[in-house]
Amino acid sequence: MTDSADPTAGLDLAEQAALGSGASFWTTKAVGPVPAIVLTDGPHGVRRQSGSATDHLGLSGSEPATCFPPAVGLSQTWDPALVERVGRALGDESRALGVHVLLGPGVNIKRDPRCGRNFEYYSEDPLLSGTLGAAWVRGVQSRGVGASLKHFAVNNAEHDRMRASSDVDARTLRELYLRTFEIVVRQARPWTVMCSYNRINGVYASENAWLLTTVLRDDWGFDGVVVSDWGAVADRVAAVAAGLDLEMPTTGGISDAEVVHAVRAGTLDADVVAQAAGRVARLATKATETAGTATSFDVDAHHQLAREAAQRAIVLLKNDDDLLPLEPSPLAVIGGFAQEPRYQGGGSSHVNPTRLDVPLDEIRRFAGDHPVSYSPGTDVAAAVATAESADAAIVFLGLTAEEESEGYDREHIDLPAPQLDLLRAVVAAQPRTVVVLSHGGVVRLDAVAGLAPALLDGALLGQAGGGALADVLFGVVNPSGRLAETVPLRLQDSPAYLNFPSEAGHTVYGERMFVGYRWYDARDMPVTFPFGHGLSYTRFDYSGLEVTATGEGLAVHLTVTNTGTRPGREVVQVYAGHPGSAVGRPVRWLAGFGSVTLDPGERSRVEIPVSRADLAYWSPDAGRWVLESGEYLVSVGASSRDLRLSASVTVEGDEPMRPFTRESTLGELLADPVAAQTIATVLSSASPFGTDDSALGMNLLRMLESVPIGRMAGFSAGKVTGEQLDELLAGINAQRA
Ligand code: BGC
């Protein structure tokens, strides 16, 4: 936000404190010249409650608004430009509904498939989540409506979410859980950030000065408002001191009085209160200045955009013998979700849609004069009879709203057993069976994939999903969605299996940054469908990979050719690895992505930039990102496990020069080209153990490499004194510098 004239000048302490908490469930206070504003959920539609019944759990009704695909669907588009357009439409609807700040996007990492709120988050990967989250923010804010980036931070489970501590090491925090937020803050400058309910390493996010001030403001340059999640403040005074600006919802003035009291008692700095009030005032002024006078939005155009987003979100997981797309013919449609679609998740994000496409009706439209019979699938014999009488069957499977929601986690990732029984019976009677999946969190798919020749993953597609599914089933749209999350063979394989959910108030993030495909690849485990996977009705060939180092990072060029018979869009993924790294790193990680749309026979040279930031790791010692020098392996492909081409590239890094001390180990010294020679000489003259291990049947050097050099001197029986060693090390350090 830009600093304008200070609207809080002249406000007294009580008025400043009053600006820091809500007037009602969804509004801030008007104080002096500072206007009140409306904040509302978010993220995949505007949940504007204008009546007296208000809640943050999705219980009471709200004004009709377009229900776009939730983040689980949007992420499968891998399409930032499309997400930005959805953001613009959401901004327009916010303005029409009198909303100044839309509470989204949710960019928490999908650490475990059981998290009940995964449907509201983008991905297991921080680059994909951050890029899409930034696009959403740009879109919404381009309409003069603020975004609220949430839930900051490390809120990856619903169980005990208002108390539990996420216990995470510094590298993992920066590289995974904070990285997503960092990308969005740096790229899109959201007007507000929402702190989460949970604790991080023992400290509530709302009271975490390191998180809200050191990282968010000092490191990343955030200059907007930090708002609490609804009810996330346990101690307003501690929260304000840590960097919280706005507590929501209203406390009826109670916590404002606590702030005033603390300042008067000398336990809270008056300047901090004034700064927070200033930020809220600037937000309110800016948001009301840009609010405009729109009172309606284009319902049809937004429904059409929701359909386009849903089309792009659908992932073709499997398509044996090109069963899809279907020709119009007699069809059997089976399963309740065909008639009552599951298209969004439960909780605060729940939208009252402007209309709803029903898959069965849309399929019937495409089938023309051909009969489309329907069976809800509750009676298996009836479903089998329906399937037998048709040319092909479309079976809708998935999770109900009760099985996954904000507020609680799942205990397993299985589809309901009766659904698998149904599928088995239908496939036995009708081999030409297509499965369509609806779900917010990942479900186990090995059995389904083993049974059905064709499989479409709809995740959650929003209000226009029914039409979009029909478009893909009949080939009007060639699917190009890609998984944003790995589908593991079984829950037991997943990275946080033994550390989820919290126990005695703590969640141990023991798998560190090895989440999602980073975990499955590091352990070389088979999965049902890998991260980034998705097929097409056409085929794409990759050739001519060129990777060059630039000042900003890498330039990756390749040629993509459509070798099939239909126009299509290919999502190209760039993965990087650093096999020679001195620190533990994933085998490969997503370092860039892009897409290209090609007609049959057409080819295109694609450029995908990779930033230095996306190659670096966080060094807790140096307290900064470090890019290691050396060879990086860059691969391009159609999924994390369908890598088509690879090339090595030499990168010049920015490692900090850490001076050697008596605490440096022999191994560290010998690994340094300058130190190695001097140290080898000292060793041969002063080591009490000698250097010849040939007769001993062991590797002496390896035994000694973790001994600090100061301690080696101690073993030299006075041949090398501490002072001599210091002199030697100073000489080596001088040469290296
Ligand atoms: C959710 C937030 C939401 C807020 C307001 C909370 O329970 O965690 O995502 O924005 O309520 O509804």
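In table form, for the structure just shown:
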| read-out | value |
| --- | --- |
| Subset tally (residues that are of a type outside the set (S, T, N, Q), closer than 16 Å to Arg161 by Cα and away from the ligand (no atom under 14 Å from the Cβ)) for the stretch 191-227 | 6 |
| Exclusive hit being at pLDDT 95 or above, outside any helix (DSSP H, G or I), aromatic (Phe, Trp, Tyr) and closer than 22 Å to Leu244 by Cβ, set Phe68, Phe25 | Phe25 |
| Selection within the stretch 86-106 - part of a helix (DSSP H, G or I) and within 16 Å of the ligand (Cβ to nearest atom) | Leu90, Ser94 |
| Criterion: surrounded by 21 or more Cβ atoms within 10 Å (Cβ to Cβ), more than 23 Å from Arg117 (Cα to Cα) and not hydrophobic (A, V, I, L, M, F, W, C) - qualifying residue of Gly347, Gly377 | Gly377 |
| Which numbered condition Leu498 misses (of (1) closer than 30 Å to Arg163 by Cα; (2) in a loop (DSSP other than H, G, I, E, B); (3) among the hydrophobic types (A, V, I, L, M, F, W, C)) | (2) |
| Set Glu404, Glu411: member being within 16 Å of the ligand (Cβ to nearest atom), among the acidic types (Asp, Glu) and in contact (Cβ under 8 Å) with a residue 12 or more places away in the chain | Glu404 |
| Of residues in the stretch 250-259 being assigned to a loop (DSSP other than H, G, I, E, B) and touching a residue at least 24 places away in the same chain (Cβ under 8 Å), the one nearest to the ligand (Cβ to nearest atom) | Thr251 |
| Filter result for Thr267 (surrounded by fewer than 23 Cβ atoms within 10 Å (Cβ to Cβ) and in contact (Cβ under 8 Å) with a residue 60 or more places away in the chain) | no |
| Test: residue in the stretch 236-249 that is touching a residue at least 24 places away in the same chain (Cβ under 8 Å), of a type outside the set (S, T, N, Q), touching a Lys or Arg at 6+ places or on another chain (Cβ under 9 Å) and surrounded by fewer than 19 Cβ atoms within 10 Å (Cβ to Cβ) | no |
| Thr54 being within 16 Å of the ligand (Cβ to nearest atom) and at pLDDT below 95 | yes |
| Qualifying residues in the stretch 561-577 (those that are among the polar types (S, T, N, Q) and in contact with a strand residue (DSSP E or B) (Cβ under 7 Å, 6 or more places away or on another chain)) - the one nearest to Gly594 (Cα to Cα) | Gln573 |
| Sole residue being under 30 Å from Leu11 (Cα atoms), away from the ligand (no atom under 12 Å from the Cβ) and in contact (Cβ under 8 Å) with a residue 40 or more places away in the chain, chosen from Val83, Val38 | Val38 |
| Condition check for Gly336: within 16 Å of the ligand (Cβ to nearest atom) and in contact with a Gly (Cβ under 9 Å, 6 or more places away or on another chain) | no |
| Residue identified as surrounded by 24 or more Cβ atoms within 10 Å (Cβ to Cβ), touching a residue at least 60 places away in the same chain (Cβ under 8 Å) and more than 13 Å from the ligand (Cβ to nearest atom) among Arg163, Arg111, Arg117 | Arg111 |
| Residues (under 25 Å from Glu403 (Cβ atoms) and either within 14 Å of the ligand (Cβ to nearest atom) or surrounded by fewer than 24 Cβ atoms within 10 Å (Cβ to Cβ) (or both)) located in the stretch 120-153 | Glu120, Tyr121, Lys150, His151 |
| Number of the exception - Pro453 against (1) within 16 Å of Gly516 (Cβ to Cβ); (2) more than 25 Å from the chain's Cα centre (by Cα) | (1) |
| Among residues of the stretch 378-420, those that are assigned to a loop (DSSP other than H, G, I, E, B) and within 35 Å of the chain's Cα centre (by Cα), counted | 13 |
| Test: residue in the stretch 163-180 that is touching a Ser or Thr at 6+ places or on another chain (Cβ under 6 Å), assigned to a loop (DSSP other than H, G, I, E, B) and either charged (D, E, K, R) or modelled with pLDDT of 95 or more (or both) | yes |
| Identity of the residue in the stretch 616-644, hydrophobic (A, V, I, L, M, F, W, C) and part of a loop (DSSP other than H, G, I, E, B), that ends up nearest to Arg588 (Cα to Cα) | Ala616 |
| Top-ranked residue in the stretch 624-652 [being among the small types (Gly, Ala, Ser) and within 24 Å of the chain's Cα centre (by Cα); ranked as surrounded by the most Cβ atoms within 10 Å (Cβ to Cβ)] | Ser640 |
| Matching entry among Asp391, Asp369 (being among the charged types (D, E, K, R), without any contact (Cβ under 8 Å) to a residue 60 or more places away in the chain and out of contact with any helix residue (DSSP H, G or I) (no Cβ under 7 Å at 6 or more places or on another chain)) | Asp369 |
| Some residue of the stretch 169-190 being surrounded by fewer than 24 Cβ atoms within 10 Å (Cβ to Cβ) and within 15 Å of the ligand (Cβ to nearest atom) | no |
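The values are calculated or read from the model by the stated rules, or taken from the named source; none is laboratory data. Values in this document were obtained by computation on a predicted structure and should not be read as measured data. FYI the Cβ positions are ideal-geometry reconstructions off the backbone, even for glycines, and counts take in every protein chain you see.
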